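Notes follow once the structure below has been shown.
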């Protein structure tokens, strides 16, 4: 504890000097890396890509990356909430696919049902996850793994065992939502940004958000401080389910159909993006902004892989897996270095 | 401070039972506004339970708690907090990754247009803390503060909600001396404002420095209550430990000591200046084969930590450990065991027994590799060994295949002893070997300890039971606040001498 | 500060005993019930051909679940098994030029390497098992697809194809392997120092550490075994498919394996490994699916049923510990 940098105390009378801080360069670096690491890597990666591939920095290509990333962004925002409480939601991929199929199916009765039905069902699945995790005390990974299976079962049931593909009627306004553009960017991009901004505000500037952080940081202390731990946990899974469903709706709107095989492994991309964005997998710290950077980083990597051409797109998951491992191990060592001091 | 003032908190005939244990028995406690009331007692005395009842974690079976003159029942910690009873725990119970200001205001953040008003929150947090002498950037994560400053934040949070009663449960255990001073200054400041403080600590100096009145608990009962100044240190210690001074001098002893070993026998253990921040300060002593060396001290004195450090379960900042003439470098449990050291841990449930395994497997756990051929367990060798030890230690189990978690405490303890004896250790460290086991088993274990020493083992006996130390140990090393404050040998070992050392013995650079 | 006084709470006998019996024997009773039901109501269920099919289908799950049972016994979990299967499937055709056995050895080696990575992250770096194995879950299949160039590869090596079709003593190779492995794992758990140490570590980690057990080594070996078994399952499944298909093989098998282990009575909190129960758990899931499908219950319902079974099993297992 030799590195007390800023030890100062109120001058009141003969107050003994109180060593207030144990911040060292390490801690500052850790905090900065946590907060802005993803952004830095994103900017650096984009700069390199722009220099290496002339086609990268074109408006069309960038808009393409944005629209490709928009659905994952929405899903990853929900995942951010869950992971900050120290949980995990493995069901989002299935729920996303289910949302898309339900939207396409219900679009025959109009836009409103096409939006509401998936949200209700997917929100319901999230709520169920949350209730079982918070009140029965089962491990989040196993509960959400089970609902991954359950949601896929439901999807198969809706699509006649996967045989039926529902198309969004050509005249449906739903298609405009998915395909319309404004200033060259697709509507889903604006929606994702809007949802993200709302989520960020909720997380940073509401009492609810403070409770989310507190529960992930120290659940026992949070309970002793009088926070409604179980209720907050349930709502994070509800948010995750809702957002996964919403992403599914947008995707169906963009594709014009509910594709059943979508979303396999999407939970992994979402988790990778969240963690790369600086959210601790052990909970207690993270941000929606970081998650956005993480998603865009994955999008840029995917784009670069496509530009290189002779690589299969699965290099993507190798890179994100490696990123994940490096980030998590680094986080562990940084926090351990702090503890030992 | 004055007996005439209307008490702010009053406990009347409070009783609480847990299955099989009477945790509190007709406890009375009266706390007046503006006083600091010390609550002391050894392990199992009931302090924790009492605090938990007061803060709404547990509910009492009988008796009542009166707060500001009215009977109250708190169903959860939040109720107690809302009513004005706040608690500060030994370990800072805040959220390390959140900013200082957010910790301070968690759950009651100032809001503007429905959103948390961060600027106002930070400003007010800064003001509050600087009033307490903590001048710090409140936007930084809490964990970047020193533990002392973190404890201040906890204190500020606790009193920010208009607390009338503040319960402090060993708040200084990981603080630096000057941090303690700041904390005390703050407590006095609060006192002056009429806040009553219930102060739990094992540090006698702190108690005398800070507290007006004291209540001593032992075995769930109040054994003394009165002004702090009327009870000198020696009497306080003897009351806590339940030893009547006059009686102690007269009573005869039933020793289970081994015969004194030859003086020139080379020591089986030498520890030299073991150091660990906040925990151990230059602890040195030696243990000879065939001798029981006692480690005495109140709770939190560093007894158990010393034992853990010797077997490498607690990383040290410095110091040397020598076992049978060979230096134990960078000790780990495996290395210590190979050197012939065995530790019977204090918490046998959490650190000793593997509850789902059988008695047999628990006994041979450490010796298993030695009993196996090419990694394959050989039952006949195990069975023979297990049978020998079950007989020798009189372990009462329905069969060697009984689940270890279902044994009684005494038999579990003997089982753990057997686990270590299988390894033919040179040195046995026994941390509270007889706590929480019934009288019969206790006598058996004590007898066994003497027997083992007579067989030539070096034994370190850690016990808060003075009688056990005096009866069992050839030599007693007394620890206080992580430092050796006395060493008694042979006929000098007496309860009175140990208590004197506990109360007033001088340690190196005794700065508390 | 003070530990609460030691208390031994005798739980309400009826309910507790019921739950314990359910945990211990429920899985066998359920398997038996399904067999009886099918024997009575399903046409051709007891035909040799059908029984063969059922066993061949369940065998890879059993193999993976055996490794998973060991990992769960240490209070861990291995989410990467499906990806490791894909990895093994991708590696196999790359080395077929050297012959079937060397190629299989390389595939298994890939599994060992994956397991070693997981084990190191858990035991040395100190990551939570879920987090540690998540990285490989994400990357493993990607690596496999990169190795395979994203394509399905037909296998023509007769030796490898033989592993998928041949019999040993009248039993399909993959089933025989599963049976032998179950025996070996059972032996390892009950009769070797490794197995007993594993159970002790899962049952009480601090106690195991203080008793001088080689905690790190045991953990690493356990994850290596899990990787090895997954790779073995990958090779055998590939042989049966007659093609290396890293994009599909082993998808969601971690879920089936965890379910088999938990349904079989191994608690997620570690300290116990029930090998026979795990085998029965895998059989139960297989039979349940087969039964539902044979009686024209759609696959969707079967999946949802499996989801419910997992939750119930985990809930029941939890009950025992919280006492």
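Here's the yes/no breakdown for (1) within 14 Å of chain C (Cβ to nearest Cβ); (2) farther than 22 Å from residue B:434 by Cα; (3) at pLDDT 90 or above:
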{"residue": "B:272", "(1), (2), (3)": "no, yes, yes"}
{"residue": "B:282", "(1), (2), (3)": "no, yes, yes"}
{"residue": "B:291", "(1), (2), (3)": "no, no, no"}
{"residue": "B:314", "(1), (2), (3)": "yes, yes, no"}
{"residue": "B:356", "(1), (2), (3)": "yes, yes, no"}
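Quick one: which of A:234, A:259 is part of a loop (DSSP other than H, G, I, E, B), more than 23 Å from residue A:62 (Cα to Cα) and more than 14 Å from chain B (Cβ to nearest Cβ)?
Values: A:234 fails: part of a loop (DSSP other than H, G, I, E, B).
After ruling out the rest, the residue left standing is A:259.
Here residue B:487 clears all of (1) in contact with a strand residue (DSSP E or B) (Cβ under 7 Å, 6 or more places away or on another chain); (2) surrounded by fewer than 23 Cβ atoms within 10 Å (Cβ to Cβ); (3) part of a loop (DSSP other than H, G, I, E, B) except the condition numbered (3). Taking the criterion of being more than 10 Å from chain A (Cβ to nearest Cβ) and either outside any helix (DSSP H, G or I) or surrounded by fewer than 22 Cβ atoms within 10 Å (Cβ to Cβ) (or both), the only residue of segment C:124-145 that qualifies is C:124. With respect to the conditions (1) surrounded by fewer than 19 Cβ atoms within 10 Å (Cβ to Cβ); (2) over 24 Å from the mean Cα position of the chain (by Cα), residue B:105 falls short on a single one, namely (1). Picking from residues in segment B:358-390 that are under 36 Å from the mean Cα position of the chain (by Cα) and facing chain C (nearest Cβ under 9 Å), the one that is surrounded by the fewest Cβ atoms within 10 Å (Cβ to Cβ) is B:369.
Kindly provide the set of residues from segment A:146-161 that are facing chain C (nearest Cβ under 7 Å) and over 7 Å from residue C:300 (Cα atoms), ordered by number. Let's see the steps before the verdict.
First, pick out the residues of segment A:146-161 that are facing chain C (nearest Cβ under 7 Å): A:146-147, A:149-150, A:152-154, A:156-157, A:161.
Residues satisfying the conditions are A:146, A:147, A:149, A:150, A:152.
Within segment A:118-134, residues that are without any contact (Cβ under 8 Å) to a residue 40 or more places away in the chain reach partners that are crowded, with 24+ Cβ neighbours inside 10 Å with beta carbons closer than 7 Å, at six or more positions or on different chains, in the pairs A:128/A:147; A:132/A:143. Is at least one residue of segment A:277-292 within 11 Å of another protein chain (Cβ to nearest Cβ) and either within 18 Å of residue A:66 (Cβ to Cβ) or in a helix (DSSP H, G or I) (or both)? Looking for residues that are within 11 Å of another protein chain (Cβ to nearest Cβ) and either within 18 Å of residue A:66 (Cβ to Cβ) or in a helix (DSSP H, G or I) (or both), one finds none in segment A:277-292, hence no.
Criterion first (over 17 Å from the mean Cα position of the chain (by Cα), in contact (Cβ under 8 Å) with a residue 12 or more places away in the chain and more than 20 Å from residue C:130 (Cβ to Cβ)) does residue A:72 satisfy it? No, not satisfied. All conditions but one from (1) more than 10 Å from every other protein chain (Cβ to nearest Cβ); (2) in contact (Cβ under 8 Å) with a residue 24 or more places away in the chain; (3) more than 22 Å from residue B:48 (Cα to Cα) apply to residue B:196; the one that does not is (3).
Would you confirm whether or not segment C:147-154 contains a residue that is more than 8 Å from chain A (Cβ to nearest Cβ), crowded, with 19+ Cβ neighbours inside 10 Å and outside any strand (DSSP E or B)? Yes, because at least one residue in segment C:147-154 is more than 8 Å from chain A (Cβ to nearest Cβ), crowded, with 19+ Cβ neighbours inside 10 Å and outside any strand (DSSP E or B). Restricting attention to segment B:298-338 and to residues that are assigned to a helix (DSSP H, G or I) and free of Cβ contacts under 8 Å to residues at least 60 places away in the same chain, the residue that is farthest from residue B:419 (Cα to Cα) turns out to be B:309.
Every residue, every condition in (1) within 12 Å of another protein chain (Cβ to nearest Cβ); (2) farther than 28 Å from residue A:172 by Cα; (3) at pLDDT below 70, yes or no:
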position	(1), (2), (3)
A:7	yes, yes, yes
A:27	yes, yes, yes
A:89	no, yes, no
A:111	no, no, no
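Residue check: is residue C:121 in contact with a helix residue (DSSP H, G or I) (Cβ under 9 Å, 6 or more places away or on another chain), at pLDDT 90 or above, part of a helix (DSSP H, G or I) and facing chain A (nearest Cβ under 10 Å)? Give the steps one after another, and end with the answer.
Details: in contact with a helix residue (DSSP H, G or I) (Cβ under 9 Å, 6 or more places away or on another chain): yes; at pLDDT 90 or above: yes; part of a helix (DSSP H, G or I): yes; facing chain A (nearest Cβ under 10 Å): yes.
Yes: the conditions hold for residue C:121.
Restrict the check to segment A:34-54 and report whether at least one residue is surrounded by fewer than 24 Cβ atoms within 10 Å (Cβ to Cβ) and within 14 Å of chain C (Cβ to nearest Cβ). There is no residue in segment A:34-54 that is surrounded by fewer than 24 Cβ atoms within 10 Å (Cβ to Cβ) and within 14 Å of chain C (Cβ to nearest Cβ).
Of B:350, B:342, all but one fail to be within 14 Å of chain C (Cβ to nearest Cβ), closer than 26 Å to residue C:215 by Cβ and surrounded by fewer than 22 Cβ atoms within 10 Å (Cβ to Cβ); the exception is B:350. Total residues in segment C:277-289 satisfying the condition of being more than 11 Å from residue C:264 (Cα to Cα) and in contact with a helix residue (DSSP H, G or I) (Cβ under 6 Å, 6 or more places away or on another chain): the figure is 3.
Being within 30 Å of residue A:133 (Cβ to Cβ) and out of contact with any helix residue (DSSP H, G or I) (no Cβ under 8 Å at 6 or more places or on another chain) is a property that residue C:273 lacks. Which of the residues belonging to segment B:122-141 are more than 9 Å from every other protein chain (Cβ to nearest Cβ), in contact with a strand residue (DSSP E or B) (Cβ under 9 Å, 6 or more places away or on another chain) and either crowded, with 16+ Cβ neighbours inside 10 Å or closer than 23 Å to residue B:178 by Cβ (or both)? Those that are more than 9 Å from every other protein chain (Cβ to nearest Cβ), in contact with a strand residue (DSSP E or B) (Cβ under 9 Å, 6 or more places away or on another chain) and either crowded, with 16+ Cβ neighbours inside 10 Å or closer than 23 Å to residue B:178 by Cβ (or both): B:122, B:125, B:138.
Taking the stated definitions as given, is residue C:91 more than 18 Å from residue C:251 (Cα to Cα), at pLDDT below 95, crowded, with 24+ Cβ neighbours inside 10 Å and more than 10 Å from chain A (Cβ to nearest Cβ)? Let's see the steps before the verdict.
Values: more than 18 Å from residue C:251 (Cα to Cα): no; at pLDDT below 95: yes; crowded, with 24+ Cβ neighbours inside 10 Å: yes; more than 10 Å from chain A (Cβ to nearest Cβ): yes.
Judged against the criteria, residue C:91 is not a match.
Taking segment B:75-87 as the range and being within 18 Å of residue B:195 (Cβ to Cβ) and within 11 Å of chain A (Cβ to nearest Cβ) as the test, the residues that pass are B:80, B:81, B:82, B:86, B:87. Among the residues of segment A:163-181, is there at least one that is in a helix (DSSP H, G or I), in contact with a helix residue (DSSP H, G or I) (Cβ under 7 Å, 6 or more places away or on another chain) and within 23 Å of residue A:271 (Cα to Cα)? Taking every residue of segment A:163-181 in turn, none turns out to be in a helix (DSSP H, G or I), in contact with a helix residue (DSSP H, G or I) (Cβ under 7 Å, 6 or more places away or on another chain) and within 23 Å of residue A:271 (Cα to Cα). If only one of C:305, C:317, C:257 is without any contact (Cβ under 8 Å) to a residue 40 or more places away in the chain and within 14 Å of another protein chain (Cβ to nearest Cβ), which one is it? So the residue among C:305, C:317, C:257 that is without any contact (Cβ under 8 Å) to a residue 40 or more places away in the chain and within 14 Å of another protein chain (Cβ to nearest Cβ) is C:305. Selection of segment B:90-100 for residues being at the interface with chain A (Cβ under 10 Å from one of its Cβ atoms) and closer than 18 Å to residue B:184 by Cβ yields only B:92.
If I filter segment B:376-395 for residues that are under 27 Å from residue C:269 (Cβ atoms) and free of Cβ contacts under 8 Å to residues at least 24 places away in the same chain, do I get at least one hit? Scanning segment B:376-395 turns up at least one residue that is under 27 Å from residue C:269 (Cβ atoms) and free of Cβ contacts under 8 Å to residues at least 24 places away in the same chain.
Being within 13 Å of another protein chain (Cβ to nearest Cβ), touching a helix residue (DSSP H, G or I) at 6+ places or on another chain (Cβ under 8 Å) and under 20 Å from residue B:121 (Cα atoms) is the requirement here; does residue A:216 meet it?
Working: within 13 Å of another protein chain (Cβ to nearest Cβ): yes; touching a helix residue (DSSP H, G or I) at 6+ places or on another chain (Cβ under 8 Å): yes; under 20 Å from residue B:121 (Cα atoms): no.
Taking the combined requirement at face value, the residue does not satisfy it.
The values are calculated or read from the model by the stated rules, or taken from the named source; none is laboratory data. For clarity, every value in this text was computed on a predicted model and none was experimentally measured. Because the Cβ atoms are built from the backbone with ideal geometry, glycine has one as well, and the counts that use them run over all protein chains shown.
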